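Throughout, read-outs are computed from the coordinates displayed, never taken from laboratory work. Just so it is clear, the model here is predicted, and its values are computed rather than measured. Methodologically, a virtual Cβ is constructed for each residue, glycine included, from the backbone with ideal geometry; neighbour enumeration extends over all protein chains shown.
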Amino acid sequence: MHISPVLWQFLVHWLTNSALFPPEASAISPYMDAFYFFLCAISAVGLIAVAILVFGFSILYRKEKSPVATQIEGSTLLEATWTIIPLALFMICFVWGALLYFRIYNPPTNAMNIYIVGKQWMWKAEHPGGQHEIDSLHIPINRPVQLTMISQDVFHSFSIPAFRVKREVIPGRYSTVWFEATATGTYHLFCTQYCGTDHSAMIGEVVAMTPDDYQKWAAGSTSGASLAQNGERLFASLGCNSCHSGEATARGPNLSQVYGSRLQLADGSTVTANDAFLREAILNPSTHVMQGYAPIMPTYQGQVSEEGLIDLVEYIKNLNSNYRIQQTLTTSQLAPGQAGASSSGTPQVNGPARAGRTAPSVPGTVNQ
Amino acid sequence: MSTPTEHEHHVVGPKTYGAILAALLVLTATTTGVAYLDMGVFNPIAALGIACLKAVLVILFFMHIRYSSKLMMLTVGAGFFTFIVLITMTLSDYISRNWGLW
Amino acid sequence: MDSHAIVTGQEQHEEHEEHPAYLRHHFVTVEQQRETASFGMWLFLLTEIMFFGGLFMAYLLYRNWYYDAFVAGSNTLGIGLGTTNTAVLILSSFTMAMGVYSAETRNRKGLVTFLSLTILLGLVFLGIKSKEYHDKYVEHHIPGASFSVEDFVHPADKRDVPLAPDMAQHAQLFFFLYFAMTGMHALHMVIGISILFFLLYHAWHGAYTNGHTSTIDNFGLYWHFVDIVWIFLFPLLYLISRHPLK
Amino acid sequence: MSTIVTLPNQEEARLPKLSYLNSEYGLKSWLLTGDHKRIAMLYLISITFFFFLGGAFAGLIRLELLTPQPDLVASDTYNKLFTMHGVIMIFLFLVPSVPATVGNFVIPIMVGAKDLAFPKINLLSWYLYVAGACFLVYALLNGGVDTGWTFTTPLSTHYLNTHVITAAMGVFIAGFSSIFTGLNFIVTIHRMRCPGMTWFRLPLFCWSHYAASILMVLGTPVLAITLVLVMLERTVGIGVFDPTKGGDPLLFQHLFWFYSHPAVYIMILPGMGVISEVISTFSRKRVFGYTAVAFSSVAIAVFGFFVWAHHMFIMGVSNYSALVFSLLTMLVAVPSAIKIFNWAATLYKGSLTFETPMLYAFGFMGLFTIGGLTGVFLGSLGMDIHLTETYFIVAHFHFVMVGGMLMAYLAGVHFWWPKMTGRMYPESMSQLAAVTTFIGFILTFFPQFIVGYLGMPRRYHAYPPEFQVLNVLSTAGATVLGIGYLLPMLYMPWSLKYGKIAGSNPWQATGLEWQIQSPPLTENFVDIPVMDHEAYDYEWLAHKTEHEVTTVG
């Protein structure tokens, strides 16, 4: 036995650098792994059962030993046995798997929210504090983190194997996933849904840090303005404030503290104003008209990037009073033509425009 | 009418065809007329109900399923069943999406 | 050792003294051949059901999502032309059924007449359909670059609710599905009419009225199926969101 | 009840003077044939070609993945490689593999008919296959297509500038080929059975093909219309599947998987039919629980239509819907388990020999068991989150499709080779090939389960270096596997000329196809047979053989 030293070196190098099991770095991992081992166990049992039967019978009843085959019709009892036992096992798997699924996809209410935008071929992470990252994600450990994700183009899939979580990032719709990291370290972040040329380059790293380190990192890498602040600026420049001024006579509904509330829509249904609803209401306003308001809002489809929408959503989420909106309006009235609130964007305080045609609004909102 | 068997080929006569034609035309007129009445949710139900009735008439008489073997009836049934599976199971996803998380 | 190894039937073929020329070699009886052919045709129609099924699925989904746009789109379709076309198609189904009857009663003249009538009615249907398509073209309702939302944002008919521009855009989906569904249906009609010409030619020369009616039977099934598709398309596209008469 | 089987004396066998192979000569007699056996041969040749074409792509993929760096081919090329590998293997090899070759050849004979119900449609089906293949080859030669075999929208509709329409057209046409094959089988099994051939005297091969055919006929058109919509969307860009224009990309997923999940059963069910025949024949024993195996095929076909959304658990389907689909997925796993246990029980008190088809069948049972059980991993909602879209799923479906279906296909081709050609394949050589394939397969795909749980995503051109060991193992295994597949390519043609003469029933099997000469006459039977015994009745066979010996002697 002589292995070439070079080959040996390679083997040692490979083996020390490779793992056969992913690190367990999130609160859900042990649960996932327990289920995995259970599934492996029943698979092993099943496989061994089949192997014993096949090999056992092959030895016992090979032609040399058993020149005469005994014809057997079948056995209802046996059929029932191997119907019911697998079925029972599969049902256990189903229930266990379902519980795990709902655990992974139901974020706790106290989770901190980070926005993820996927595009060919990079991941952008936006922290509420205004920290922007590309192909990396910094998170504190021991704290539930919820990701609100959207794709700008095609399907992507956000996967962190060490956390055992994954969720498709869908164009045109928010999807969420949550996790709670338990060990500091740097972990792989993959796009697992084939998304075109550089699919395999759409990778990144997840840096799990102690809360203190995270605070330091957050303070050190902020872009200066939080998402909500960016959103406020955008809100004003798109002229949203002209209708959503929060005044009783405003043409648009009051957005202050709208997030999380139940809304009565014009078509009679009620919905909860969550992130997805807010985004949809900006892009497809006519299907999200609130009771008592006219469908006059223009669509912003194709005018606001996904990042911009996130800013707006984050802004509306944190909007606790209309004070600043009205402040902005007053300022823009003093200086017309500024920002986006030009021409007809000025509020018509008198005469509620509850009915009638779509009011021509901000320039550039004409449909394609 | 005797029970259809595999070895009997039933010839449907012009009288039956004529009657079915009349029925179909009447139903067409009805469905168009009904469309102008405002019946709320019953409008689509009436329209599709009449369409199903017409389709059944065509299948049973013009297409001779009324006089065919059980196998044929089963075949036609299987086709519509699969169609229903496609529609309902897909729509079940869309309908329950707004129910929110648990 | 050859094929005699198996026990053969008690001279099965002796029972069937008559072996018409159209009995294919691998069938034992004419009845078997007829049943087989019609069963095959039915299975083919099943695939057609599922083929249209995908389109119906898309239609149902988007109709629910963009109800207003679909209502508005539906109301631009000419109900008169639609109803006429339905009647024409039903009539052509009737003439086709009568053609089958003529073939079964070995009436060559009848068969030729009814096949010609079916062709004629089929062409009338396509003519009316192309008139409708042309109307859509004139109204800029063909989805794509030339599509205009004007009729939906500022409807001429005062019963129409003006649509918001974003919703009006979704009328394109309605028209896309309208063209896809009726277009696919019209394609089946065109194929059907082509086959009808072929059948007519042979019927003229005395085929199908010699007791071998399978071909006509099965084509009849196809033609009726195309009719059924229209029977569903008509209410879905034209009727279910009509404005009530005031 | 016991059966002694004496294998016939191979020395005495002669090739029949007249058979379907020499009834007519010339290319035209093949290309315009209505004979199901000749069409089966045409299919055999064409799918073998595409198998090796698809296999070559697989080889390049594995070679690229030998190293973590993207060093062998460019990203786009890599994407085209796995797309063409998937499209060719699924639509041009796996779907038609057993049904269109072995099934086409033996089903009419098994039911005691002179041909399939619609010989011309059978031929048309082959021409459609060729036409579809031409489109795909055209797309391939003109730069390929890189959508992935799933044609995921909106990637395929708006973000790629390769030959998506040509490829979709190819799949569309090939789909109709499969529809016509299925249609023919259903009608044949219903209408063409010989006197005495009741449903429960049908070989299980026919049952599983019947079940698969139902799926072909009812599922494939939905794929067809979906691809039409993709093509339309690419050309006119209306946005049926485009979220920016109000469409829903998940609708595409629903419609696509409505076919493509049943397609998995279209691929595996005929293979299961082969295994039933092979296990029974080489145990000289009736299949244990015939009715259970027969109905489990039908159950798979029926349940197969209700589970498609399990491909979309993480794609944003509603949670409630996911729950229902997961539950139904668990149910569809049960009939497969029933089949495996019944086959194992068939061996009990048999008289087993281990010819090549039997070795492949054992390979099938082992690998399909693993493939099926790992399917339960993926059908469980929570586990699916971690495992889907990783190499785990790649390993899973290769265990089912390659480990299962390809093993079954090779078992079938070896098993019926004497019937098709009149000559035996070389036994020891083919046993070597079977064992090589098995070892190569395990080595190739088992490491992929591990690397999948580690999280390596599928369709990755480059990967983190710590996954390299497992990938090297996998590539090494692929080499062995490739050798295992190349061996039959050498000895099968060889056997056409030099193989031993098989005689009509070399395996002493009970199916009707073994009671006629090898290779059969064009019309299969001189007179339509009458089935007067149950399927897999080895006592009837023993009695018949004895009777023949006495009459001849």
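One table, with the values for the structure above:
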quantity	calculated
Between 0 and 90°, nearest 10: helix C:79-104 axis offset from chain C longest Cα axis	0
Mean Kyte hydropathy of 0.0 or more with a Cα span along the axis of at least 15 Å, helices from DSSP in chain D	D:36-64, D:119-141, D:164-191, D:204-236, D:249-283, D:290-303, D:319-347, D:356-379, D:407-421, D:427-454, D:468-498
Translational diffusion coefficient (Stokes-Einstein; Kirkwood radius from C-alpha pairs) of chain D at 20 °C, 1.002 mPa s, in µm²/s	89
Square roots of 5 times each gyration tensor eigenvalue, C-alpha, segment A:56-165, largest first, Å	55, 19, 13
Fraction of alpha-carbon pairs over 19 Å apart in segment C:113-246 - percent	61
Charge tally in the Cβ shell below 15 Å around A:Glu168, where Lys, Arg are +1 and Asp, Glu are -1, A:Glu168 excluded	+2
Volume per residue that the Cα convex hull of segment D:324-446 spans, once the total is divided by residue count, Å³	115
Cα-based convex hull, segment D:223-282, per residue volume (Å³, whole number)	69
Chain A: angle of helix A:76-105 to the longest principal axis, Cα-based, in degrees nearest 10	30
Förster-model FRET efficiency, 45 Å R0, C:Leu81 and A:Asn254, C-beta, rounded to 0.05	0.40
Principal axis dimensions, largest first and in whole angstrom, of segment D:418-553 by Cα	72, 34, 26
Cα extents of segment A:101-209 along the three principal axes, largest first (Å)	36, 28, 26
Part-to-part distance (alpha-carbon centres) for segment A:141-200 and segment B:12-56, which is given in Å	53
Base-10 log of normalised Debye intensity for segment A:227-341 (one unit scatterer per alpha-carbon) at q = 0.10, 0.12, 0.16 Å⁻¹	-0.26, -0.39, -0.71
DSSP-defined beta bridges in the protein assembly as shown - what % are antiparallel, rounded to 5	75
For chain A: relative contact order, % (alpha-carbon pairs under 8 angstrom, 6 or more apart)	14
Kirkwood Rh and Cα Rg combined as Rg/Rh, segment D:47-123	1.24
Cβ crowding within 10 Å averaged over residues, with A:270-278, D:501-509 ranked highest first	D:501-509, A:270-278
Neighbouring partner chain Cβ atoms per residue of C:83-89, average, 10 Å criterion	3
Nearest-20 debye value, segment A:227-341 charge dipole, Cβ charges on Lys, Arg, Asp, Glu	260
Using a Förster distance of 30 Å, the FRET efficiency for A:Thr222-A:Gln303 (Cβ separation, nearest 0.05)	0.65
Mean Cα-pair separation over length for chain C, i.e. relative contact order, pairs under 8 Å, 6 or more apart, %	31
Shielding by partners - mean other protein chain Cβ count within 10 Å, residues of B:25-35	5
25 °C / 0.890 mPa s Stokes-Einstein diffusion coefficient of chain A, Kirkwood radius on C-alpha pairs, µm²/s	98
Bins of 10 Å from zero: percent of alpha-carbon pairs in segment D:222-322	13, 31, 25, 16, 10, 4, 0
Per-residue Cβ neighbour rank within 10 angstrom, fewest leading, D:Met424, A:Met122, D:Met407	A:Met122, D:Met424, D:Met407
Globularity ratio of the protein assembly as shown, using Cα Rg and 2.2 N^0.38 Å	1.00
CD proxy at 222 nm, helix term only [per DSSP H run n ≥ 4: -39500 (n - 2.57); per residue of chain D; nearest 500]	-21500 deg cm²/dmol
Cα Rg over Rh - chain C, Kirkwood	1.15
Average Cα contact separation per residue, segment D:36-552, under 8 Å, 6 or more apart, as relative contact order %	18
Cα centre as origin, Lys/Arg/Asp/Glu Cβ charges: chain C dipole, Debye	940
Per-residue average of Cβ from other chains inside 10 Å of A:96-108	6
Footprinting exposure proxy for D:Phe180, B:Phe80, C:Phe197 (fewest neighbouring C-beta atoms within 10 Å first)	C:Phe197, B:Phe80, D:Phe180
Taking A:Trp217, C:Trp230 and counting other C-beta atoms within 10 Å, the order from fewest to most	A:Trp217, C:Trp230
Counting all C-alpha pairs of segment B:1-68, share separated by more than 17 Å (%)	51
Folded to 0 to 90 degrees: helix B:70-96 orientation relative to chain B principal axis, Cα	10
